[in-house]
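Here the structure comes first, spelled out in structure tokens, and everything after it is commentary.
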Amino acid sequence: MLIDFVPDGDLYPFESRWFDSSVGRVHYIDEGTGPTILFCHGAPAWSFLYRHIVRRLRDRYRCVAVDYLGFGLSERPAGFGYTVAEHTAVLGELIDHLRLDGFVLMGHDWGGPIGLGAVTERADRVRGIVLGNTVFWPIEALANRAFSMVMSSRPMQRRILERNFLIERVLLGELGHTLTPAEADHYRAVQPTAAARRGLAVMPKEIRAARPLLDQLARDVPAQLGDKPTLLVWGMRDMVFRPNDCIPRMRSAFTDLDIVELPNARHFIQEHAPDAIATAIARRFR
């Protein structure tokens with residue numbers, strides 16, 4: 001299943017590109033020239049989340065932003081499980097297909113473990129890391145696990161699939177007052193039907209189900225990537241990945257770490273503070 005939606009060229013002024021992975025057709029953008037930055041989104045977003053940052057950086061950097069299968073304009077392939085492990089494998093295929101080398105990875109939300117999982121096996125090709133409001137270890141906080149349990153229940157799975165709950169109430173519940181109606185519709189338009197939202201419905205379950213993968217990342221990231229130049233850009237008002245819980249553990253994992261606090265940003269930092277994030281990336285990775 002492919003998504004029949006063409007983004008507004010004024011809001012998303014990028015050329016759509018496609019990669020036929022081993023399991024489905026992946027949409028991505030590849031803008032600008034210079035050192036490469038690979039942008040990995042979380043749930044329930046897509047590469048549209050990075051539009052402001054890409055526009056600000058593409059005059060100096062090659063900006064690659066991917067949509068995972070089941071998200072954005074990418075295919076919804078039959079038989080795909082939409083787990084974090086499967087998304088990680090497909091992202092690795094795209095990295096190899098594009099022959100990315102000497103690149104910076106940026107991961108946000110689930111884009112942290114998906115991106116880090118793909119590059120731990122390719123650490124010699126990674127120049128640096130940018131992480132924002134994410135984790136790469138098992139999620140133990142009671143609120144997060146309770147959210148997973150509630151969202152995994154049959155009634156809430158029905159609301160995710162039939163009423164687009166994760167877009168309407170989670171993403172737009174936070175961002176509705178900061179987006180134009182057209183921008184909000186770009187988040188809705190790529191998840192038009194229950195069938196298109198199957199990937200969304202899996203992600204809350206992964207908070208608990210992906211524990212083996214996150215256990216492995218908790219060991220592999222410090223060992224394989226801990227000495228890479230790293231930047232944290234953190235929304236300090238995030239109630240999902242609270243800074244007092246997450247930032248100390250990030251400090252312990254990376255030996256060459258800069259931290260930029262975004263005092264007024266909540267979870268979806270790319271919408272709240274794109275200028276500050278783009279400036280921080282350009283300063284850290286000149």
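The values are calculated or read from the model by the stated rules, or taken from the named source; none is laboratory data. Everything numeric in this text was worked out from a predicted model, so none of it was measured. Every residue, glycine as well, gets a Cβ built from its backbone with ideal geometry; the counts of neighbours run over all protein chains shown. We work out accessible area using only protein heavy atoms, side chains counted, and drop any ligands, DNA or RNA first. Shrake-Rupley method; radii C 1.70, N 1.55, O 1.52, S 1.80 Å.
A few notes on this one:
- Label zone at residue 1 (point 7 Å along Cα-to-Cβ), backbone N below 14 Å, the stretch 63-91: 69-82
- Sulfur and carbon atoms: percent of accessible area, the stretch 203-286 [1.4 Å]: 44
- Accessible area, probe 1.4 Å, largest first, for residues 286, 159, 169, 62: 286, 169, 159, 62
- Normalised contact order of the stretch 1-88, rounded percent, pairs of Cα under 8 Å and 6 or more residues apart: 34
- Per residue of the chain, the DSSP helices (runs of n ≥ 4 H) give a summed -39500 (n - 2.57) that works out to -11500 deg cm²/dmol at 222 nm.
- Solvent exposure of the stretch 149-286 amounts to 48 Å² per residue of accessible area, where only protein heavy atoms count and the probe is 1.4 Å.
- Net charge of neighbours whose Cβ lies under 14 Å from the Cβ of residue 89, counting Lys and Arg as +1 and Asp and Glu as -1: -3
- For the chain, the relative contact order works out to 20 percent when only alpha carbon pairs closer than 8 Å and six or more residues apart are counted.
- Inter-part distance where the stretch 138-210 and the stretch 212-238 are each reduced to a Cα centre, Å: 24
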